[in-house]
Amino acid sequence: MTTIAFPEIDYQKQLVLAGLDDFSPNAVLPNVFGGQFGERPDEWRRAAIDFLCINVRVGFLECVNRKEILGEVGGLVLRDFLVFGDKENNLDVELIWNILYFSSTPKLDRILELLGLNNWDAINQNINQRFVAILMEVYSEM
């Protein structure tokens, strides 16, 4: 079993948001490394890619406008898109970061509902240890 370290409160907030509204990669983890326009944008970008890919791979997120970005294989496709763009369709990396949109899956929705994290107030809650424990368990099974 592998332990995966991640910024717990930021993952929680982003996944709660996913259950409430669609979002683009540019909106991911705005407080990690200062976000897209912070002092460390390259590190933020790597963190955003990791967040999106792991959550697509475990079935918590799905791409709204590119249905092939789903599950284990989808996580690999997504990483290539976010790093290299979609060469087949002549879409550069920056465009990809603006046009892809993600939403929660029924799997994530069930967990959020079970823990009472399926509402706008939950975005500002402190860390929900049960939620973080679920994330750690699911991520470690990869």
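Here Ile4 fulfils each of the conditions (1) in a helix (DSSP H, G or I); (2) under 24 Å from Ile134 (Cα atoms); (3) in contact (Cβ under 8 Å) with a residue 12 or more places away in the chain apart from (1).
Report yes if Val73 is exposed (fewer than 15 other Cβ atoms within 10 Å of the Cβ), in a helix (DSSP H, G or I), free of Cβ contacts under 8 Å to residues at least 60 places away in the same chain and among the aliphatic types (A, V, I, L, M), otherwise no. Full working, then the answer.
On the way: exposed (fewer than 15 other Cβ atoms within 10 Å of the Cβ): yes; in a helix (DSSP H, G or I): yes; free of Cβ contacts under 8 Å to residues at least 60 places away in the same chain: yes; among the aliphatic types (A, V, I, L, M): yes.
Judged against the criteria, Val73 is a match.
Scanning segment 79-122 for residues that are in contact with a helix residue (DSSP H, G or I) (Cβ under 9 Å, 6 or more places away or on another chain), in a helix (DSSP H, G or I) and either closer than 18 Å to Trp44 by Cβ or of a type in the set (S, T, N, Q) (or both) yields Arg79, Phe81, Leu82, Val83, Val93, Ile96, Trp97, Asn98. Looking across segment 53-70, the residues that are under 17 Å from Ile111 (Cα atoms) and part of a strand (DSSP E or B) come down to Leu61, Glu62.
Which residues, counting only those in segment 11-44, are assigned to a helix (DSSP H, G or I), without any contact (Cβ under 8 Å) to a residue 24 or more places away in the chain and among the charged types (D, E, K, R)?
Taking segment 11-44 first, the residues assigned to a helix (DSSP H, G or I) are 11-20, 25-27, 32-34, 41-44.
Adding the requirement that they be without any contact (Cβ under 8 Å) to a residue 24 or more places away in the chain leaves 27, 33-34, 41-44.
Asp42, Glu43, listed by residue number.
Restricting segment 123-142 to residues that are not in a helix (DSSP H, G or I) and not aliphatic (A, V, I, L, M), the residue that is nearest to Arg79 (Cα to Cα) is Glu141.
Name the pairs whose Cβ atoms lie under 8 Å apart, with the first residue in segment 119-142 and more than 13 Å from Gln14 (Cα to Cα), the second surrounded by 11 or more Cβ atoms within 10 Å (Cβ to Cβ) and among the charged types (D, E, K, R), and 6 or more positions between them or separate chains? Listed pairs, sorted by first residue: Met142/Arg57.
Among the residues examined, Ala133 qualifies as of a type in the set (Gly, Ala, Ser), within 23 Å of Pro30 (Cα to Cα) and exposed (fewer than 12 other Cβ atoms within 10 Å of the Cβ).
Residues being farther than 16 Å from Ile9 by Cα, acidic (Asp, Glu) and modelled with pLDDT of 95 or more are represented in segment 95-115 by at least one member.
In segment 86-112, how many residues are more than 15 Å from Gly74 (Cβ to Cβ) and either in contact with a Lys or Arg (Cβ under 6 Å, 6 or more places away or on another chain) or surrounded by fewer than 18 Cβ atoms within 10 Å (Cβ to Cβ) (or both)? Of the residues in segment 86-112, 14 are more than 15 Å from Gly74 (Cβ to Cβ) and either in contact with a Lys or Arg (Cβ under 6 Å, 6 or more places away or on another chain) or surrounded by fewer than 18 Cβ atoms within 10 Å (Cβ to Cβ) (or both).
Going by what's in this entry, would Trp44 be described as over 27 Å from Ala133 (Cβ atoms) and either surrounded by fewer than 18 Cβ atoms within 10 Å (Cβ to Cβ) or at pLDDT 90 or above (or both)?
Values: over 27 Å from Ala133 (Cβ atoms): no; either surrounded by fewer than 18 Cβ atoms within 10 Å (Cβ to Cβ) or at pLDDT 90 or above (or both): yes.
Criteria not met by Trp44.
The values are calculated or read from the model by the stated rules, or taken from the named source; none is laboratory data. Note that the coordinates shown come from a computational prediction; the quantities given were computed from them, not determined experimentally. When we count neighbours, we look across all protein chains shown, and the Cβ atoms used for this are built from the backbone with ideal geometry, even at glycine.
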